[in-house]
1. How would you order 755-762, 439-446 from highest to lowest mean count of nearby Cβ atoms within 10 Å?
2. For segment 808-899, with only Lys/Arg (+1) and Asp/Glu (-1) charged at the beta-carbon, what is the dipole magnitude about the Cα centre, in debye rounded to 20?
3. Could you tell me which of Q1018, L1051, T947 has its Cα farthest along the dipole of segment 926-1056 towards the positive end, charges placed at Cβ (Lys, Arg +1; Asp, Glu -1), taken about the Cα centre?
4. Set Lys and Arg Cβ to +1 and Asp and Glu Cβ to -1, take the dipole of the chain about its Cα centre, and tell me which of G846, A719, P104 lies farthest positive.
5. Helix 477-493 versus the longest principal axis of the chain: what is the Cα-based angle in degrees, 0 to 90, to the nearest 10?
6. Which one of T295, N162, W329 has its Cα pushed farthest toward the positive end of the charge dipole of the chain, where Lys and Arg give +1 and Asp and Glu give -1 at the Cβ?
7. Where Lys and Arg each count +1 and Asp and Glu each count -1, what net charge lies around A756 among other residues with Cβ under 10 Å from its Cβ?
8. Using helices alone, I'd like the mean residue ellipticity at 222 nm for the chain: each DSSP H run of four-plus residues gives -39500 (n - 2.57), total over residue count, nearest 500.
Amino acid sequence: MRITKLILLATGLIMAFSSVTNAKEPFDEFFNGLLQRGYHEQAIWYIDSMANNAGLPEEVKKTLDYRKAIAQIEAARRSPNLDSREELLVAAGNNLGKFLKANPQSDRVIDASIQRGNVLSDQARLAEARARREEKPADKRPFLDTAHKRYEEARKVFEDANKQIREALTALPKVLDPSKDSAKIAFRDEMRASYIQTQLLASNCLFEMAKTLPEDHKDRKKQLEQAAKEFGETYSKYKSRLAGLYARLYEAQAQQALDKTKEAIAIYVDDLMLLGDQPEQFRQVKLKAAIGLSTIWMQKDEQAKVLSEIAPWLDEQQLRANQERDEDWLNIKMIVAKAYKKDADGRDNKDKQRGNNRREALKLAVDVAKYPSEFQKEALAIRAELQGEDAVAQDDSDAKTFQEAVTAGRDLINEANTQSFAVRKMQADLKATKDKAAKEQLASQIETDEKVVQDAFSKAESKFQQALQLADRDTPSDEVNGVQYFLSFLGFQDGDYWQTYARASFVAQRYPNSPSAKPCAKMALACALRLFEAAPADNRSFELSLVQDTTDFMVKTWPDSEEAGQALLALIGFQLQQASSKELSWDQQKAMLEAAEKSVAKIGDGTAAKADAQLKVGQTYWNLFLRGNSLRREAKDNPDAMGVPTDEQLAAIKEKTQSILSAGVDSYQGEDPDYSYVLGALSLIQVYTDTGEPNKAVELLEKKKTGLMGLVESKNAVATRPGIDQLIYKAAVRAYISALPTTTDASKTESLMANAEKAMAQLKSLAGNDANSQKQLVAIYISLANDLKTQLDNANPASKVALAGAFEKFLNRVAESSKEPNVLNWVGETFYNLGQSFSEDPSFNGDTKSFYNKAIAAYQQIIDQAGSGSLNPALVQQVRVRIAMAQREIGEYEQAVATFADVLKEKNMMVNVQVEAAKTFYMWGLNGGDSKTFYQSLMGAKPNPETKQNVIWGWGRLQSILARYAQAGADPSPFKETFFECRYYLAACRYQFALSQSSKDKKDQYLAAAAKDISSTQSFDPSLGGDEWFQKFDTLMRRIQKDLTGDVKGLDKPQP
């Protein structure tokens, strides 16, 4: 029955991915994905299904026996059935033999040999497991003798492999050139790792051999001592590697087997229990050490140490669903449960701690008893003793019929749902109550009831599994599918999304007319969405394909259903999310957006859902246009820049944006606009403003009945939603100012000015007077200033000067009429951005200093008010930084550095200010400063008289501090982008410093150092932080190569 279910699951998984495999065989990705997620049986079936696939490359087909053996080995390790485990190991050994015979020259030969040793080791462990089932020593002995023989054979295989590897390493040149021998270096590193691995495996076989011998056997002690010696030697050579830690672990276990508990404890406590819980490989070593250490303490009746040292650590651990079933985790839970019980048994009945410890023991015993293992029987016994035999008998009673099991499972789910409702009510009460004693009582009750809920769900899963076991040929398929849905629901609750996706997809696609098909399809989609969310932002294509496949199936199978519509909306949301990701290239974003547009076309015409989706697509197309424009500007200095859209592509995107948005807005016929209309009109106003058609934007703002300004003033429910009103006012300010150059009529000009001022005042009125509201108002003003700069950046060159003049005219008027710090800050920010827009425009030959001087003047008015002490210190600090940046832009570098230093003396951990200060030295060097400024940009400057440390850090220290945010696997952080900026300027400073050298040798020395900076950064992250940073690094590298050797190659683009 179990094998049948696995086949069904595997079939469901293969069906779910059929569109992927038929289109293009992502064999490695899919097969490795199954292995990584623990779906080994499914991986075996996948290999079999691919064996005769004509689309599979021949070189991949040659490896199928090897790959199948790997899957069989892993499946055997996780099989609780010893007979099944034996069958899988025998099959794996045969497949490895077939592979080695057919492919003697394959680069996987050594790996396959190591796996043969693993098969023999696992067969030895299997024999040991059979021995543990026997009670009499005489009955155990044949199995232990078999284990000894298999370990001996495995040790020989590992020793032979170790010899082969040593010979392969000896044949390599002692010195390899990284620029020419990268393949050999990779091979050498791989062989070195395998060399250590086989050495450790061989020693471990000797250790395990010794343990199979009787206590009084003459060879037992000798073999244990030899194993301990070998482990110690391996550890001394490779302390810093994971293999070294395992060697130390096995050394402790060998000392423990020799009854040298003092030595074993010293290793466990001083070396292994001090490891961190991350990465996961360290936690696994620590777990095994905890088992060994706890076992010794329990043998010495020192359970108090287990409870003080091991139990708190165990309680902190967060385990994934598959880890809950892991033998080692079950083992440590069992040991700690026994420690709690043993401690409780030694206490007086009146001792409060006795009851606490019995409850902890029961909780752990219940956890262990859930899963088949060698500890389950003992866990059930402890559970029976602590909970009561009658209760256990009732809990564990098996259903006699399919229907009885299903009814019991449903009842348990209902019980859990009822209890969950009660928990949610108590959680609400907990938030509302202010009484400390009541809070403590509620928190305790919630914790207890949450355990009841989880226990009910766990029991329900057991009942539904029983139902599948009891199903026979006469059981209606609809009822079986209903059980599969409940199991999918429970799997989703448990966070087991991959297994649940496979199960639910199978039911939906195999039985589309079943009552459970649609619920299962929704469950599969929910799992796919969760998997997408959990995947790394830069590697979600596989998970997104699951969402697409499931959605396509639902739309094709039930085209007019509510479920299909919901699935499409979910898919479109995720496609748009991907299309907005800066991790993707512009072309990738465009392709993802086009896919979203196709998905929208599948939604029924005339529906609110379709209108809303179209508007979102239009907005995302506009963001794509803005990014493309930005890439075009940056590419002007780099003719070889990659991933830059053409003018024709941008024109097409712009036209499509306007077409999509205007179609939605123009088609609206009502008098009481809904959310879709307001959002669409707002987006179209922004597009008209940014594309030089502000009068059309003004028309949409002032249109009779549906104009957005009128809607806000009349308190329209949609237009006055929090956030929407703010966006409308910001759009109005930009539209009215942008329309100024289009008229020469004085009254029209005054009207536009007045309307812009009115919108500014209304923006201010949205915020309250408290500190937090004022902080929000500052953010609103700053975002408006940034919007104006973006608009100017994207403006047609012919209209840019006139548009800037309109901005300047309005800003002058505001500055003259207001002394409000937040308003002056906005004026200063906008003047600064005007200067930036023209400074960054290579086609502009005019003077930008007036913009920066006006920014400084506005900022200075704020500083002049600071003496009263009424201003927010954060605003004053921000203004001082902005003054320094404006000083830098007009060439007053010395004053700018002094201002930055004054700010950083007060608070030197402000990374953004450190970046601007380092950048100031760099710009100083480019614009008349001597070579020393490049050195100061690199190494820092302005030492603090007290600490002697540089107040301005420089790029070197900055990148060192920020490196951890850019490491593989690090949590998302804005500092990742800053790290690559620092690494870029680090190389740029060395490059500029090199150009200032009069000696060719010195020049070449620093040029080589700059090139090495970039190479090191690419070794750290081959993508160099994404396409935009890659282009910058590539341009700089080309300049360095031209000046150093004349041979310009640029950087190697990483493979996707």
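1. Peptide ranking by packing, descending: 755-762, 439-446.
2. The calculated dipole for segment 808-899 is roughly 220 debye.
3. Projecting each Cα onto the dipole axis, the largest value belongs to T947.
4. My answer, from the dipole projection, is P104.
5. With both axes taken from Cα atoms, the answer is about 70 degrees.
6. The residue sitting farthest along the positive end of the dipole is N162.
7. That sum, taken over residues with Cβ under 10 Å, equals +2.
8. -25000 deg cm²/dmol
A short reminder: the numbers here are calculations on the coordinates, not readings from a lab. Note that the structure is predicted; figures quoted are calculated from it, not measured. Cβ coordinates were reconstructed from backbone atoms using ideal geometry, including for glycine residues, and neighbour counts include every protein chain displayed.
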